[in-house]
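Reviewing the structure listed below.
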Amino acid sequence: AQKITQTQPGMFVQEKEAVTLDCTYDTSDPSYGLFWYKQPSSGEMIFLIYQGSYDQQNATEGRYSLNFQKARKSANLVISASQLGDSAMYFCAMREGFSGYSTLTFGKGTMLLVSP
Amino acid sequence: NAGVTQTPKFQVLKTGQSMTLQCAQDMNHNSMYWYRQDPGMGLRLIYYSASEGTTDKGEVPNGYNVSRLNKREFSLRLESAAPSQTSVYFCASSPVGQGNGYTFGSGTRLTVV
């Protein structure tokens, strides 16, 4: 079974609108962390936001927020007020375990296109 | 600028040739990683080094070897390149701690013909 599932291969949104990118995860470990990365067409991987499994509140970083629903095992990324520069591939990833030496497992990504 | 430096950025190899991808980080991170990215597959872990002196296999290690030369450097070697190894390769590093994300290098685009 896939540990990280991103069911939307592509998403379209108009500039200034909000968009939600879906991510579900599978783990039996009570301690884990969830991450979102952005990959623009230039290719670099940019860290956006992190949510720990024990965090009580949803993480926010500027226009990015993470809608964390633990019981549903979902960690959706919400981008408010989309900008043209948000057009990119977005990856959800998970790190399991408490030791801190575990590795990141990535989903297959969602391509977001923002139109004027 | 602090970060992860990968070399080369582009490489074309013939089937059967060997090469080493270099990676260095100057953030004093303990852990380093090599991933490959293929269309529609996301990033898949090849090898990682949790700390200096240790290396472990990831999801797709076949056809690759790694060396953690010191705390800063982590190289990936293709002994006999195959067309199936055509991919974009990313090196990354992180400090210890579950909440720490990775810092990625800019990637190496490798084509094996």
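Just so it is clear, none of the values below were taken in a lab; they were calculated from the coordinates. Everything numeric here is computed off the predicted structure, so don't read it as measured data. Virtual Cβ from ideal backbone geometry, glycine too; neighbours counted across all protein chains shown.
Figures for the structure shown
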| read-out | value |
| --- | --- |
| Ranked A:Leu104, B:Leu43, criterion: other C-beta atoms within 10 Å, fewest first | A:Leu104, B:Leu43 |
| Cross-link pairs beyond the 18 Å C-alpha cut-off, checked among A:Lys38/B:Lys57; A:Lys38/B:Lys9; A:Lys3/A:Lys73 | A:Lys38/B:Lys57; A:Lys38/B:Lys9 |
| Percent RCO, i.e. relative contact order, over chain A, from Cα pairs under 8 Å lying at least 6 residues apart | 37 |
| Cα-based reach from A:Lys108 at 15 Å (exclusive), listing aspartates and glutamates while leaving out same-chain residues under 8 positions away | A:Asp22, A:Asp26, B:Asp38, B:Glu59 |
| Under 5 Å, built H, 5+ apart or other chain: amide partners of A:Met11 | A:Met111, A:Leu112, A:Leu113 |
| Antiparallel %, DSSP beta bridges [both residues in the protein assembly as shown], to 5 | 90 |
